[in-house]
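Take a look at the structure below.
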Amino acid sequence: MDTLRARTAIFAALLALVAVGGPATAQTGRFGSVETMKIDDQPGFVPEDERLPVSLQRQLVFFRTTEAPGTIIVHTSERFLYVVQGNNRALRYGIGVGRDGFQWQGLKTIVRKAEWPDWTPPPEMIERQPYLPRFMAGGPGNPMGARALYIGGTVYRIHGTNQPQTIGHAVSSGCFRLVNSDIEDLYERIPVGTRVVVRQAPEL
C-alpha cells in the first residue's frame, strides 16, 4: 500500500509540473514576446529561420502616391517600406524601425550601397551597449546583415539583420532593417541616387 501511495504522489507531482509549464510555453510566440525579446544588437548570431508572418512578407500592394516609380517610402508607424511601382501599386516590405527617441522623418537620397557591409558602431551606441565590438567585418553574424543602403545626410541605413524576430517592431537606433532575403531583393532594385521619403504616419 505504501508503494502504491508513493507512486501516486510521484505521478501527481509530474502532472503538476506539466500543468505549470504548459501556459508559459503557450505564451511564447514564434519570435517571442515583444516584452521579453532581447533587442540589443547581437554580433555573431546567425539566424536559422527568416520566415515572417504573412502580413510582413514582401508583396505587391495597392498604394496611392504622387511620388515617382522607384521612390522608397517608409511609413514608420506601419512598420512598412514601399518601393513605388506606378499605377497605384508598390512593393511592400516589412521592416524594423527606430525605437522611441530614435525615430525621424524627412526627404533623403541613397548615396551608397554595400554587400555584406562591415559594422563600426558609433560612440553613442558603444556607450549604451559597451559590450559591442568596435569593429566587425561583414558576414552572416554581422548585425548589418547581407546588404546596406546608406541614406545621405544621416548616420542611418536601410540594411539587413541577424535578428529576423525584430521585423515589425520599433527596436533600432534609427536605421530601417529587413530580413536578409528582403534586403538582397531591395538592393538589386534600388540604384544610388534613389529618393527616400520617411514618414511617421501614412497620408490620409
Go over the candidates PRO140, PRO133, PRO117 one by one and state the one that is under 21 Å from LEU52 (Cα atoms) and either assigned to a helix (DSSP H, G or I) or touching a residue at least 24 places away in the same chain (Cβ under 8 Å) (or both). PRO140
LYS108 being touching a helix residue (DSSP H, G or I) at 6+ places or on another chain (Cβ under 7 Å), assigned to a strand (DSSP E or B) and in contact (Cβ under 8 Å) with a residue 40 or more places away in the chain: no
Selected residue (only one of ARG189, ARG177, ARG128 is in contact with a helix residue (DSSP H, G or I) (Cβ under 9 Å, 6 or more places away or on another chain) and charged (D, E, K, R)): ARG177
Assess whether GLU188 counts as being over 14 Å from the mean Cα position of the chain (by Cα) and either part of a loop (DSSP other than H, G, I, E, B) or modelled with pLDDT of 90 or more (or both). yes
Can you pull out every residue in region 131-154 that is of a type in the set (A, V, I, L, M, F, W, C) and either open to solvent by less than 50 Å² (accessible area, probe 1.4 Å) or touching a helix residue (DSSP H, G or I) at 6+ places or on another chain (Cβ under 9 Å) (or both)? LEU132, MET136, MET144, ALA146, ALA148, LEU149, ILE151
Among the residues of region 61-116, which ones are more than 22 Å from the chain's Cα centre (by Cα) and among the basic types (Lys, Arg)? ARG64, ARG89
Unique match (being more than 24 Å from GLN165 (Cβ to Cβ) and buried (at least 18 other Cβ atoms within 10 Å of the Cβ)) among VAL84, VAL97: VAL84
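The values are calculated or read from the model by the stated rules, or taken from the named source; none is laboratory data. Here the structure is a predicted model, which is why all the values come from computation and not from measurement. Please note: Cβ atoms are built from the backbone with ideal geometry, for glycine as well, and neighbour counts cover all protein chains shown. Ligands, DNA and RNA are excluded from the accessible area calculation, which covers all protein heavy atoms including side chains. Shrake-Rupley method; radii C 1.70, N 1.55, O 1.52, S 1.80 Å.
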